[in-house]
Amino acid sequence: MLKVELHAHTADDPVDDIPYSTHQLIDRAAQLGYHALAITLHDRQLDVRPFASHAAERSITLIPGIERTIEGRHVLLLNFSCAAEAVRSFDDLARLRARERGLVVAPHPFYPIRTALRGLLHRHADLFDAVEYNAMFTSLVNFNHLAQRWARAYVKPMVGNGDVHRLRQLGSTYSLVDAEPNADAICAAIRECRVDVCAQPLPVTS
């Protein structure tokens with residue numbers, strides 16, 4: 001089983017202020033025993049090729065990715081070409097899926113933020129391969145329950161993601177994927193539901 005993170009940002013992000021580099025994220029993932037990592041900047045797909053040897057030396061597979069804003073809502077597009085950057089509508093997404101064999105994940109779909117998919121996830125269920133179990137939850141407040149219910153209703157897999165914006169966020173929630181350590185195999189295994197979510201609630205502070 002591969003320990004996998006599919007939703008992480010770095011200092012290359014054009015939207016959020018991230019205090020660590022791509023190399024630092026890879027190094028921390030290696031320290032925590034990860035086998036694969038997707039770097040999903042907002043609306044920009046990072047070219048992971050310059051980082052491939054650094055990751056490979058640490059036994060980490062890099063998966064191309066982007067957290068794309070589609071009709072105002074966030075969607076994770078994984079293992080697509082750079083054409084993913086041009087997706088602006090759900091019709092565009094349907095056309096991309098028809099051309100390429102990537103993985104489409106719904107991130108934090110029912111969280112109380114304006115970029116969450118919410119009802120659009122039901123409307124476009126056929127475009128999504130998996131739904132995210134997001135690390136931002138506690139034992140008292142957990143907005144992932146609706147995502148779990150959606151996954152059961154539509155018979156889709158869940159993936160555990162850190163939605164990492166600070167290195168300390170890496171490691172509390174992640175996926176275990178039954179696959180060979182390459183991007184195509186990992187994405188195929190997730191589509192086939194050969195994935196388990198490991199999730200530890202964040203501590204409740206007073």
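The values are calculated or read from the model by the stated rules, or taken from the named source; none is laboratory data. It should be emphasised that the depicted structure is a prediction, and the values quoted were computed from it without experimental measurement. Because the Cβ atoms are built from the backbone with ideal geometry, glycine has one as well, and the counts that use them run over all protein chains shown. Ligands, DNA and RNA are stripped out before the accessible areas are found, and what is left, the full protein with its side chains, is counted by its heavy atoms. Shrake-Rupley method; radii C 1.70, N 1.55, O 1.52, S 1.80 Å.
Return the pair list, or none, for Cβ contacts closer than 7 Å from residues in region 178-203 that are touching a residue at least 40 places away in the same chain (Cβ under 8 Å) to residues that are of a type in the set (S, T, N, Q) and open to solvent by 40 Å² or more (accessible area, probe 1.4 Å), at least 6 apart or on different chains.
PRO201/SER139
Determine, yes or no, whether LEU62 is touching a His at 6+ places or on another chain (Cβ under 8 Å), outside any helix (DSSP H, G or I) and modelled with pLDDT of 95 or more.
Against the criterion (touching a His at 6+ places or on another chain (Cβ under 8 Å), outside any helix (DSSP H, G or I) and modelled with pLDDT of 95 or more), LEU62 does not qualify.
List, please: which pairs have Cβ atoms under 6 Å, are six or more places apart or on different chains, and start with a residue in region 125-145 that is over 19 Å from LEU170 (Cα atoms) and at pLDDT below 95 and end with one that is among the aliphatic types (A, V, I, L, M) and assigned to a loop (DSSP other than H, G, I, E, B)?
Cβ pairs passing all conditions: LEU140/VAL204.
Counting only residues that are assigned to a helix (DSSP H, G or I) and within 13 Å of LEU37 (Cα to Cα), which one in region 50-59 is most open to solvent (accessible area, probe 1.4 Å)?
Here is the first cut: in region 50-59, the ones assigned to a helix (DSSP H, G or I) are 50-56.
Next, from what is left, pick out any that are within 13 Å of LEU37 (Cα to Cα): 51-52, 54-56.
Numbers: PHE51: 31, ALA52: 48, HIS54: 34, ALA55: 0, ALA56: 67 Å².
Applying the filter and picking the extreme gives ALA56.
Would you point out the residue of region 79-104, among those that are in a loop (DSSP other than H, G, I, E, B) and open to solvent by less than 70 Å² (accessible area, probe 1.4 Å), that is farthest from LEU6 (Cα to Cα)?
Looking at residues that are in a loop (DSSP other than H, G, I, E, B) and open to solvent by less than 70 Å² (accessible area, probe 1.4 Å), I get SER89.
Is it the case that VAL197 is assigned to a strand (DSSP E or B), at pLDDT 95 or above and open to solvent by 50 Å² or more (accessible area, probe 1.4 Å)?
Here the answer is yes, as VAL197 does meet what is asked.
Of the residues ARG152, ARG166, ARG114, which is surrounded by fewer than 14 Cβ atoms within 10 Å (Cβ to Cβ) and under 17 Å from the mean Cα position of the chain (by Cα)?
Going through ARG152, ARG166, ARG114 in turn, just one is surrounded by fewer than 14 Cβ atoms within 10 Å (Cβ to Cβ) and under 17 Å from the mean Cα position of the chain (by Cα): ARG166.
Report yes if some residue within region 130-141 is in contact with a Lys or Arg (Cβ under 7 Å, 6 or more places away or on another chain), in a loop (DSSP other than H, G, I, E, B), more than 24 Å from MET1 (Cα to Cα) and β-branched (Val, Ile, Thr); otherwise report no.
Within region 130-141 (the criterion being in contact with a Lys or Arg (Cβ under 7 Å, 6 or more places away or on another chain), in a loop (DSSP other than H, G, I, E, B), more than 24 Å from MET1 (Cα to Cα) and β-branched (Val, Ile, Thr)), the answer is no, since none of the residues qualifies.
Only one residue in ASP47, ASP43, ASP12, ASP27 is closer than 22 Å to ILE113 by Cα and not small (Gly, Ala, Ser), so which one is that?
Numbers: ASP47 fails: closer than 22 Å to ILE113 by Cα; ASP12 fails: closer than 22 Å to ILE113 by Cα; ASP27 fails: closer than 22 Å to ILE113 by Cα.
None of the others qualify; the one that does is ASP43.
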